[in-house]
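Notes for the one structure printed next.
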Amino acid sequence: MKLTGGQVVARALREYGVEYVAGVPGHGIWSLFDAFLQEGSEIPFIQVMHEQSAVHMADGYYRACGKPMACSTSVGPGAANTIIGLATAYTDSTAVFYVSGSPQTYMQGHGTMQEIERQQDNAFPRITEQVTKRAWQAHSVRTLPSIMHRAFSEMLTGRPGPVHVEVPMDVQVEAEEVTIHPLDKRLPVGVAYPDPKAIEAAAKVLLSARRPVIVAGGGAITANATQELTALAEKLGAAVSITWNGKGAIAEDNELFIGAVGQTGTTCGNQITASADVVVSVGCRFTDWSASSYAKGVSFSFPPGKLIHIDLDPREIGKTYPTEVGIVSDAKIALGQLLEAIGDADAAALRDRNADFHADVHKAKADWRAQVEPRESSRETPFTSQRPLVALRKVLPRDGIVVVGSGNTQGSVKQSFPVYEPRTHLTSGSYSPMGWAVPAAMGAKLACPEKKVVAIVGDGDFMMSLPEMGTAVMNGINVVFLVLNNQGYMSIRGGQRKFMGRHIASEFNRHAGNGEPYSADLTATAKAFGLEAWKVEKDEDLESTLEKALNTDGPTLVEVIVSRDAAGPFATGWWDFPSPAYYEKEQEAYAEMRAKEQML
């Protein structure tokens, strides 16, 4: 067929199963956008208010359903606005297809069309190279079909991640006789299987365990390994802890679930995992948040604990901790083979031998419940950040999806909002930008229109992407925005107070007036955008309002006023943040924990 470069991109996206493209139009891309209206390459286009949100939307879409969505921007500032979104997808290993425009090939190097060219001509792809698995520049229409199938292969195989394809303005409009390559003829068949010797060695280590723990990371969700992970835990009697992105890898009402590890983990998650003699890590890369900044004995204890590390990316094996057995494999396959390698009789003997361990798990979970329950059941107002989560869990279906922003809200959800199915808790676990959750929730709703979707954000996070309420209304994306308003960046204020004893610029106050707390009227703002919206300040209104929002036909917002003080998640682990030298008391406490860190 004779197709323009824009048509090649649009047809390939459609034939490769992409159902939506999100973005903002501009001079450098409108010819490609026009192709989305051409017969044979029609794809619904979601116009967002900010280019960063387009990438976050595609990110949330993939996390919710495991299929890619596309995003697209113009050149210059519009393209640069995508970097935070691409970095978020890259660090959390989510597949996003990003296509941008660029100056005409014959004008590159002259500073035309917002070009950055002082060090390299048309240098923008040099920027995206650091936050994508691969970036391509199409220099002709003839090369585009090959670039498209290679980009999809890179994005979807191995460790998933975002890719960038740049199409110059002249290539978008020129036409050539080309063929769109069928994707199923260009992708490898199957997934990565583990070395049988590694499985045999891991089974042997597991059968010697007295305190076995499985740590589920985001890789367990990506691999759809929930069933195998749960079966292995139950067969061994192993406790299961999770990272932020691993939340949902096991139903949290399973008696073996012990909560999260790390700085805002649960006390039982940290205590039991740190005391394990064998840890099976599934798709976890041991970030500082999840490993308590590597302070030995807080979240992990390697050695004497032995680590069986399952990961699709060999670069993660042994990167941070010494590994007893490293298994490079798809997590679902590796866990399935471990299940087969451990006989029922041996597993039963292991469970019987570890009765003391199971008693410790039961007590640690009870101790944690005693600590967190007063905040969850508090009827005081302004609310604790936990109380609205308990109310939401009562009215949200078991398969409802929560998309969670950064800060205190993120930690509180991790500790106090149980989830029961994979891909029903979405959060930006590694890069953790503010402004992610609102557009990501809309992406999740596009991916799973039959499910209830709630974005849970603080007011600071929400205002980073507040204009996307217009996107939700214009496109009829029925998401509930639950905004926990504490009038500032309270997770930052808490850290400043802890490490320095005072805070600066983390509260929203009337600095030019009387110093009183400040907040925009978010409920009125949402109504101005066209949403149904409610402000909740009384406990008796909480559950009924959330239920009403979930059952409203259209996007809604519920603003809940929460306390600034003692209302965030519990800091149960350790996070390495040094204090200035002039804070001697804080320096002493820091030095004690810093001495426990192990960076091997």
Item to complete: Considering only region 260-289, state which residues are open to solvent by 10 Å² or more (accessible area, probe 1.4 Å) and either of a type in the set (S, T, N, Q) or outside any loop (DSSP other than H, G, I, E, B) (or both).
Response: Gln263, Thr264, Thr267, Gln271, Ala274, Ser275, Thr287
Practice prompt. Give region 1-31 a look and list any residue that's open to solvent by 60 Å² or more (accessible area, probe 1.4 Å), in contact with a Pro (Cβ under 9 Å, 6 or more places away or on another chain) and not in a helix (DSSP H, G or I), or say none.
Written response: Glu19
Fill in: Gly495 vs. criteria under 27 Å from the mean Cα position of the chain (by Cα), modelled with pLDDT of 90 or more and open to solvent by less than 90 Å² (accessible area, probe 1.4 Å)
no
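Out of curiosity, is Glu324 modelled with pLDDT of 95 or more, open to solvent by less than 20 Å² (accessible area, probe 1.4 Å) and among the acidic types (Asp, Glu)?
On the way: modelled with pLDDT of 95 or more: yes; open to solvent by less than 20 Å² (accessible area, probe 1.4 Å): no; among the acidic types (Asp, Glu): yes.
No: the conditions fail for Glu324.
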Worksheet item: So is Phe570 under 28 Å from the mean Cα position of the chain (by Cα), over 30 Å from Thr243 (Cβ atoms) and either surrounded by 18 or more Cβ atoms within 10 Å (Cβ to Cβ) or in contact (Cβ under 8 Å) with a residue 60 or more places away in the chain (or both) or not?
Response: no
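Within region 339-347, is there a residue that is open to solvent by less than 20 Å² (accessible area, probe 1.4 Å), touching a residue at least 40 places away in the same chain (Cβ under 8 Å), under 21 Å from Thr273 (Cα atoms) and assigned to a helix (DSSP H, G or I)? Full working, then the answer.
Step one: list which residues in region 339-347 are open to solvent by less than 20 Å² (accessible area, probe 1.4 Å), which gives 342, 347.
Keeping just the survivors that are touching a residue at least 40 places away in the same chain (Cβ under 8 Å) gives 342, 347.
Cutting the leftovers down to under 21 Å from Thr273 (Cα atoms) gives us 347.
Restricting the remaining residues to those that are assigned to a helix (DSSP H, G or I) gives 347.
There is at least one residue in region 339-347 that is open to solvent by less than 20 Å² (accessible area, probe 1.4 Å), touching a residue at least 40 places away in the same chain (Cβ under 8 Å), under 21 Å from Thr273 (Cα atoms) and assigned to a helix (DSSP H, G or I).
State whether the residues of region 57-76 include one that is touching a strand residue (DSSP E or B) at 6+ places or on another chain (Cβ under 8 Å), free of Cβ contacts under 8 Å to residues at least 40 places away in the same chain and aliphatic (A, V, I, L, M). I'd like the intermediate steps shown before the answer.
Taking region 57-76 and keeping what is touching a strand residue (DSSP E or B) at 6+ places or on another chain (Cβ under 8 Å), we get 57-58, 60, 63-64, 68-75.
From what's left, free of Cβ contacts under 8 Å to residues at least 40 places away in the same chain: none.
The answer is no, given that none of the residues of region 57-76 is touching a strand residue (DSSP E or B) at 6+ places or on another chain (Cβ under 8 Å), free of Cβ contacts under 8 Å to residues at least 40 places away in the same chain and aliphatic (A, V, I, L, M).
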Practice prompt. Test each condition in (1) crowded, with 21+ Cβ neighbours inside 10 Å; (2) touching a Phe, Trp or Tyr at 6+ places or on another chain (Cβ under 9 Å); (3) not in a loop (DSSP other than H, G, I, E, B) for Val390 and report the one that comes out false.
Written response: (1)
Worksheet, complete the sentence: Reported set for region 531-563 where residues are surrounded by fewer than 16 Cβ atoms within 10 Å (Cβ to Cβ) and in contact with a Pro (Cβ under 8 Å, 6 or more places away or on another chain) is Glu537
Response to the item:
With the first residue restricted to region 501-520 and required to be free of Cβ contacts under 8 Å to residues at least 12 places away in the same chain and surrounded by 11 or more Cβ atoms within 10 Å (Cβ to Cβ), and the second required to be of a type in the set (D, E, K, R) and not in a loop (DSSP other than H, G, I, E, B), Cβ contacts under 8 Å at 6 or more apart or on different chains are His503/Arg493; His503/Arg497
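Considering only residues that are closer than 20 Å to Pro77 by Cβ and in a loop (DSSP other than H, G, I, E, B), look in region 122-134 and name the one that is most open to solvent (accessible area, probe 1.4 Å).
The extreme case among them is Gln130.
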Worksheet item: Could you count how many residues in region 403-452 are under 11 Å from the mean Cα position of the chain (by Cα) and of a type outside the set (A, V, I, L, M, F, W, C)?
Response: 12
Fill in: Leu307 being more than 23 Å from the chain's Cα centre (by Cα), hydrophobic (A, V, I, L, M, F, W, C), modelled with pLDDT of 95 or more and more than 18 Å from Trp368 (Cα to Cα)
yes
Response to the item:
Among the residues of region 32-47, the number that are open to solvent by less than 40 Å² (accessible area, probe 1.4 Å) and not aromatic (Phe, Trp, Tyr) is 6
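Within region 232-259, work out how many residues are at pLDDT 95 or above and assigned to a loop (DSSP other than H, G, I, E, B). Quick ask: steps written out before the conclusion?
Going residue by residue through region 232-259, those that are at pLDDT 95 or above are 232-243, 245-259.
Add one more test, that the residue is assigned to a loop (DSSP other than H, G, I, E, B), and what stays is 237-238, 243, 245-256.
Qualifying residue count, region 232-259: 15.
Mind listing whichever residues of region 290-311 are of a type in the set (A, V, I, L, M) and part of a loop (DSSP other than H, G, I, E, B)? Walk me through how you get there before you give the answer.
First, pick out the residues of region 290-311 that are of a type in the set (A, V, I, L, M): 291, 295, 298, 307-308, 310.
Across region 290-311, the qualifying residues are Ala291, Val298.
Of Gly443, Gly476, Gly470, which residue is within 18 Å of Met49 (Cα to Cα), touching a His at 6+ places or on another chain (Cβ under 8 Å) and at pLDDT 95 or above?
Numbers: Gly476 fails: touching a His at 6+ places or on another chain (Cβ under 8 Å); Gly470 fails: touching a His at 6+ places or on another chain (Cβ under 8 Å).
Testing whether each residue is within 18 Å of Met49 (Cα to Cα), touching a His at 6+ places or on another chain (Cβ under 8 Å) and at pLDDT 95 or above leaves just Gly443.
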Fill in: Residues being under 18 Å from Gly554 (Cα atoms) and not in a helix (DSSP H, G or I) - total across region 425-467
11
Worksheet item: How do the pairs read when you match residues in region 481-498 that are farther than 25 Å from Gly530 by Cα and free of Cβ contacts under 8 Å to residues at least 40 places away in the same chain with residues anywhere that are open to solvent by 20 Å² or more (accessible area, probe 1.4 Å) and part of a loop (DSSP other than H, G, I, E, B), using Cβ under 7 Å and keeping only pairs 6 or more apart or on different chains?
Response: Gln496/Arg502; Gln496/His503; Gln496/Ile504; Arg497/His503
Discussion item. Quick check on region 291-306: of everything there that is touching a residue at least 40 places away in the same chain (Cβ under 8 Å) and open to solvent by 10 Å² or more (accessible area, probe 1.4 Å), which residue is nearest to Ala198 (Cα to Cα)?
Written reply: Lys306
Worksheet item: Which residue, of Arg210, Arg285, is under 19 Å from Thr320 (Cα atoms) and basic (Lys, Arg)?
Response: Arg285
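How about region 158-177: which of its residues are open to solvent by 10 Å² or more (accessible area, probe 1.4 Å) and hydrophobic (A, V, I, L, M, F, W, C)? Lay out the reasoning, then the answer.
So the first thing to find is which residues in region 158-177 are open to solvent by 10 Å² or more (accessible area, probe 1.4 Å), and the list is 158-160, 169-170, 173-177.
Met169, Val173, Ala175 - these are the residues of region 158-177 that are open to solvent by 10 Å² or more (accessible area, probe 1.4 Å) and hydrophobic (A, V, I, L, M, F, W, C).
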Worksheet item: Yes or no: Glu468 over 27 Å from Pro580 (Cβ atoms) and open to solvent by less than 10 Å² (accessible area, probe 1.4 Å)?
Response: yes
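The values are calculated or read from the model by the stated rules, or taken from the named source; none is laboratory data. Note that the structure is a prediction, hence the values are computed from the model and not measured. Neighbour counts are summed over all protein chains in view; Cβ atoms, including those assigned to glycine, are modelled from backbone coordinates with ideal geometry. In case anyone asks, the SASA skips ligands and DNA or RNA and just uses the protein heavy atoms, side chains included. Shrake-Rupley method; radii C 1.70, N 1.55, O 1.52, S 1.80 Å.
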